[in-house]
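The values are calculated or read from the model by the stated rules, or taken from the named source; none is laboratory data. Just so we're clear, the structure is a prediction, and the values are computed from it rather than from any experiment. Quick reminder, even Gly has a Cβ in these numbers, built from the backbone with ideal geometry, and neighbours come from all protein chains shown. Protein only, heavy atoms only, side chains kept; ligands, DNA and RNA dropped before computing areas. Shrake-Rupley method; radii C 1.70, N 1.55, O 1.52, S 1.80 Å.
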Amino acid sequence: MSFVEYSECIQDSDVAIIYLGHNSVMPVKVQHGAQTQTRYGVIRHSSDLIGQRYGSKVTCSKGGWVYVLHPTPELWTVSLPHRTQILYTTDIATITMMLDLKPGSIVCESGTGSGSLSHAILRTIAPTGHLHTVEFHKQRSEKAAEEFSEHRVSHLVTVRNQDVCKDGFGVTGVADAVFLDIPSPWEAVGHAKAALKKHGGRLCSFSPCIEQVQRTAEALTDHGFEEINTLEVLLRVHDVRTVSLPLPDYGPDCSAHPEPDAMETPPPPSHASISMKTTTPPRELPGHTGYLIFATKPRT
């Protein structure tokens with residue numbers, strides 16, 4: 001099992017995703033002899049998981065059942081243990097596209113946090129790219145490195161425990177893209193510029209407050225970045241459902257000349273209806289998460 005390569009069957013020491021319901025998923029470290037408690041009963045790893053195909057339907061001890069899914073960055077985002085606030089798939093997809101990430105890209109990131117964006121970047125740049133991620137908090141950096149090893153992507157990532165605003169990313173002139181998710185990104189713009197390749201690259205900074213965006217944009221301008229723009233991504237999911245609509249009854253056709261026998265017996269009442277697909281907008285729209293500011297380092 002790897003977050004960047006698909007495996008057919010569940011093996012010992014894999015990380016599997018238990019699907020309990022549409023809004024309920026949980027990660028499980030598969031181990032011989034271990035058990036996992038769910039609201040549907042116990043899942044015994046040795047007999048219920050190991051050797052089964054990913055996507056299998058597993059019956060729990062109380063008779064309920066769950067699905068066991070192969071881990072992906074999207075599933076990890078909605079099931080990971082939160083050590084910090086995280087980025088979700090809506091923003092992650094925009095970041096991946098706007099930074100022009102692809103297999104072989106070299107990316108610098110700060111801070112690592114809970115690793116939500118990191119896993120998405122790793123899948124995008126695999127198998128020949130590399131991620132240099134910096135985390136200020138020692139325990140969080142150690143936990144992130146441990147998770148990367150468990151998820152078998154440690155060969156694609158280097159985790160550093162340092163202050164990116166003072167010490168930079170630990171690399172110079174190698175990155176195709178830089179991502180910043182820190183309280184004062186304007187203090188790290190100079191280090192980000194140094195980490196990017198001489199022929200240029202892309203930078204993205206995530207900030208929840210517009211004042212942070214203003215100061216970051218000023219720092220980007222001072223350091224010679226171009227194409228500076230800010231986005232806010234809001235997701236609006238419509239509910240698709242089937243509805244049944246009655247067909248109108250306009251009465252008998254007066255232009256037609258019915259047979260005499262037909263005039264004696266009144267037609268039965270019509271209850272015809274038609275089924276069709278329709279969508280309804282959400283009653284509540286998820287609010288603001290943060291601003292994404294993008295910029296380009298020009299070729300030097």
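Numerical summary
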{"read-out": "Cα extents of the chain along the three principal axes, largest first (Å)", "value": "97, 55, 30"}
{"read-out": "Among 273-283, 164-174, the order from most to least packed when residues are scored by Cβ within 10 Å on average", "value": "164-174, 273-283"}
{"read-out": "Calculated [θ] (222 nm, deg cm²/dmol) that DSSP helices of n ≥ 4 give over the chain, each run adding -39,500 (n - 2.57)", "value": "-6500 deg cm²/dmol"}
{"read-out": "Where labels lie 7 Å past Cα in the beta-carbon direction, separation of Glu226 and Asn23 in nm", "value": "4.7"}
{"read-out": "Residue-level accessible surface for Glu226, protein heavy atoms, 1.4 Å, Å²", "value": "100"}
{"read-out": "Cα-based helix-to-principal-axis angle, 210-222 vs the chain, degrees rounded to 10", "value": "50"}
{"read-out": "Portion, in percent, of the accessible area of the chain that falls on carbon or sulfur, probe 1.4 Å", "value": "53"}
{"read-out": "Histogram of C-alpha separations across the stretch 95-242, 10 Å bin width, %", "value": "11, 41, 34, 11, 3, 1"}
{"read-out": "Coordinate range along principal axes, alpha carbons of the stretch 9-71, Å, largest first", "value": "24, 21, 16"}
{"read-out": "Helix axis angle, 138-150 relative to the chain longest principal axis, alpha carbon, degrees", "value": "60"}
{"read-out": "Ser47-Thr84 pseudo-label distance in nm [points 7 Å out on the Cα-to-Cβ vector]", "value": "4.4"}
{"read-out": "Long pairs among Lys102/Lys143; Lys29/Lys197; Lys57/Lys277; Lys29/Lys198, criterion Cα-Cα beyond 32 Å", "value": "Lys29/Lys197; Lys29/Lys198"}
{"read-out": "Highest to lowest packing among 49-61, 229-241, scored as the average C-beta count within 10 Å", "value": "49-61, 229-241"}
